[in-house]
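The next block holds one structure in the form of structure tokens; read it before the comments.
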């Protein structure tokens, strides 16, 4: 195990360093974390799997903010295909003053409508448009911009595309997805719907006692070396993407560096009956994501749910876990003769 720990932890530290660099300059930000905590692993529709923020290549005077939810969606997931949770409050949060607290929050609330409750089918024929009568299970959403001055609704009853069922049901899925890109006032564009999961990770090997297939021969339980496998290849996720003019994201003093994190919240009390579920009380955050792999690989399992429920401004409560990464790497390294011989200077650079 020690032999592969160096490679894993070095990759983690590189990711953390990249995330820190994003905060201090106008670079793009990327993060990923699938099923990383006990509670959220049982609540996939609220599980924030990826967060991205970057200057838009097609409109460089705007920033594109992306949050993915619902990990490892099997495309052939009928008859009840994956969708956003109607009882989840999704948010993409922006800090433009550098204090770790969101100054702007774009919040999304979804609503599902069954146009024909007398069939078990998602659709009864090919879906050719977003208003096709053969499409039975539809979702729309409201998006609002929330600041200290209050909430402003940017769009209501915005359509999502259907899921990509197959060549008979969604013969021109690209056109359906493109039609679900909504133009809002103020130069804002927004999309919500199913997308291919773009993250690449060899889940089967990494969580099999921290194996990396190309380095299998270095593991304490060695196997023949092999090429890495895209563990999320062929799986989908549900994406919320919003493109916002940079001028609308700057701080009160014209600050042009922003911090971004995405979150999902549920109401404190949920009552379940034969008619469905209904939530009551204040919203409670159950998932968040910004820096890559932090909750997945740095926060211990006993604290992961608490980390998900907290805000970035409270991250000092978890500082001891952030700081111990170097020591974990160091002690893992000194237990591996092969790695000390090959990577000694890099291992021992983390002693202090």
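Summary of values
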| read-out | value |
| --- | --- |
| Highest to lowest packing among 298-304, 191-197, scored as the average C-beta count within 10 Å | 191-197, 298-304 |
| FRET efficiency for residue 284 and residue 226, using Cβ-Cβ distance with R0 set to 51 Å, rounded to 0.05 | 0.75 |
| Pairwise label distance in nanometres, residue 246 with residue 121, each label 7 Å out on the Cα-Cβ vector | 5.0 nm |
| Rounded if a/c under 1.5, otherwise prolate or oblate - segment 143-238, Cα gyration tensor axes | oblate |
| Cβ-based exposure ranking for 106, 90, 200, in which fewest neighbours within 10 Å come first | 200, 106, 90 |
| Computed E for residue 156/residue 253 - FRET, C-beta separation, R0 25 angstrom, nearest 0.05 | 0.15 |
| Chain lengthening between residue 147 and residue 207 when straightened (0.36 nm per residue, less Cα-Cα) | 17.6 nm |
| Computed lengthening from residue 128 to residue 76, 0.36 nm per intervening residue step minus Cα-Cα distance | 16.8 nm |
| Order of 188, 92 - criterion: other Cβ atoms within 10 Å of each residue's Cβ, fewest first | 188, 92 |
| Span from the segment 268-297 Cα centroid across to the segment 70-97 one, whole angstrom | 12 Å |
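Bear in mind these aren't lab numbers, they're just calculated from the coordinates by the rules spelled out. Computed from a prediction, not measured in an experiment: that's the story for all the values here. Heads up, the Cβs are rebuilt from the backbone with ideal geometry, glycines too, and the neighbour counts pull from every protein chain shown.
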